[in-house]
Amino acid sequence: MNSEEEFYDAETGMTTLPAPMFSRNDFSIWGFLKKCIGMELSKITMPIVFNEPLSFLQRITEYMEHTYLIHKACTRSDSIERMQLVAAFAISAVASQWDRTGKPFNPLLGETFELTRDEEGYRMISEQVSHHPPISAFYSESLNQDFSFHGSIYPKLKFWGKSVEAEPKGTMTLELSKHREAYTWTNPMCCVHNVILGKLWIEQYGTVEIVNHSTGDKCVLNFKPCGMFGKELHRVEGHIQDKSKKKHRVIYGKWTECVYSIEPKVYEANKKAEKKSGGDSKKHKQEQSTGGDDADEMPDVQETVTMIPGSTLLWRVAPRPPNSTQMYNFTNFAMTLNELEPGMIGVIAPTDCRLRPDIRAMENGDIDTASREKERLEEKQRAARRERAKDEEEWSTRWFQQGNNPYTGAADWIYKGGYFDMRYPHLPDIY
């Protein structure tokens, strides 16, 4: 493995990137962003200072970090137990976003990313299927045909003066073949605060509804906004009900930390006891800055999740490497995604984002080259689009086709198959 790749440092026992992240302090973010208020950022070419050295296709691959939860769900005979684990997987899929304030590179049209993890028993392919609007489609499957997980995402980003809000439009679909079940859900909203001034911090909020289309079971998860005193920051709470709306389990925890499941009666009794004893009301009566131009102060993260007796732990986040803050706040999993292993060249598709020169240069700490390459690639993409328009030629996707989700009926991108046959004729030269 050469020095331009991620490597394992035997001295420190850590996975690391070739170079630490650069300082953003010398860049006037406000000078750039003031003209973008209320606009959708996907239509604006962003300076490289906003980025992290991964493509959005690699970023969505991070959904698969806790695939063991799906494998575990496949082994359960009870549908409520399966739903608990699917809910834990849906929550765990957004955990890597905690403190990830760098923006992934926008994929070029036709860009792909593949990942095979034999030890975790799955493989995944994603493709950028549309440029305006930017849509990324992905398909993953277990190596023993136990499950498939697929979807398409259109990340709508808007800048609101002090914060950037991301709405990940698109449906996630998980199919468990042994149980002949299909689950669908959408991801929560994400907001990055203090993009101009103060410490950047992230919250996720909104209702996520996971539906089992075979049994009618449903899990409703509420990702809570941080609230006035930060008491709710990162908290997730919800319940699992069957098709007759009878509640079977309550799910609670933090998407940054861990998730538990408990009997609804026990949970309600615990809440009542907490209220009776005065709860946390006094503890959280702290002053909150309300100045119009001030930073949105990040609330102090409250005590970790308190386990209620009788709860079952469903998932706990893996600790980040000690060098994570110098490495774009990447997880161990994220640090491996751009690794170009010996023998990959000539085997992976020439459109794979590991071969993108701007991302590679940024990862190696060469910001000037990264910036030049990013501009060159974007201009090359524009020139190709002009050429197609002149010839009245439509762009055609390689591995996915437009269709409707078989369970929700919503517009979706369906995997056509064939990628893993490892034959890549007529792929576009995008780099």
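The values are calculated or read from the model by the stated rules, or taken from the named source; none is laboratory data. The model shown is predicted, which means the values in this text are computed figures rather than measured ones. Cβ placement follows ideal geometry from the backbone for every residue including glycine, while neighbour counts extend to all protein chains displayed. Just the protein is used for accessible areas: all its heavy atoms, side chains included, with ligands, DNA and RNA removed. Shrake-Rupley method; radii C 1.70, N 1.55, O 1.52, S 1.80 Å.
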Number of positions in the range 228-237 that are in contact with a strand residue (DSSP E or B) (Cβ under 9 Å, 6 or more places away or on another chain) and either over 18 Å from residue 191 (Cα atoms) or surrounded by fewer than 16 Cβ atoms within 10 Å (Cβ to Cβ) (or both)
1
Would you be able to tell me the number of residues in the range 344-357 that are in contact with a Leu (Cβ under 6 Å, 6 or more places away or on another chain) and either under 18 Å from residue 48 (Cα atoms) or open to solvent by 40 Å² or more (accessible area, probe 1.4 Å) (or both)?
3
Being among the acidic types (Asp, Glu), within 25 Å of the chain's Cα centre (by Cα) and open to solvent by 70 Å² or more (accessible area, probe 1.4 Å) is the requirement here; does residue 394 meet it?
no
In this structure, does residue 360 turn out to be modelled with pLDDT of 95 or more and in a helix (DSSP H, G or I)?
yes
Single unsatisfied condition, residue 177 versus (1) surrounded by fewer than 19 Cβ atoms within 10 Å (Cβ to Cβ); (2) in contact (Cβ under 8 Å) with a residue 40 or more places away in the chain; (3) under 28 Å from residue 401 (Cα atoms):
(2)
Could you check, for the range 169-186, whether at least one of its residues is more than 28 Å from residue 216 (Cα to Cα) and part of a strand (DSSP E or B)?
no
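Name every residue in the range 79-115 that is hydroxyl-bearing (Ser, Thr, Tyr) and either more than 18 Å from the chain's Cα centre (by Cα) or farther than 28 Å from residue 314 by Cβ (or both), in order of residue number.
Matches in the range 79-115: 79, 112.
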The residue that is nearest to residue 181 (Cα to Cα), considering only those in the range 406-425 that are at pLDDT below 90 and exposed (fewer than 14 other Cβ atoms within 10 Å of the Cβ), is 421
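Take residue 121 and tell me if it is small (Gly, Ala, Ser) and open to solvent by 10 Å² or more (accessible area, probe 1.4 Å). Talk me through it step by step, then tell me what you get.
Numbers: small (Gly, Ala, Ser): yes; open to solvent by 10 Å² or more (accessible area, probe 1.4 Å): yes.
Taking the combined requirement at face value, the residue satisfies it.
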I'd like to verify a number: residues in the range 209-227 that are open to solvent by 40 Å² or more (accessible area, probe 1.4 Å), closer than 19 Å to residue 149 by Cα and assigned to a strand (DSSP E or B), how many?
2
For the range 188-208, which positions are of a type in the set (A, V, I, L, M), part of a loop (DSSP other than H, G, I, E, B) and open to solvent by less than 50 Å² (accessible area, probe 1.4 Å)?
195
Looking for whichever is part of a strand (DSSP E or B) and modelled with pLDDT of 95 or more here; the options are 129, 164. Which one fits?
129
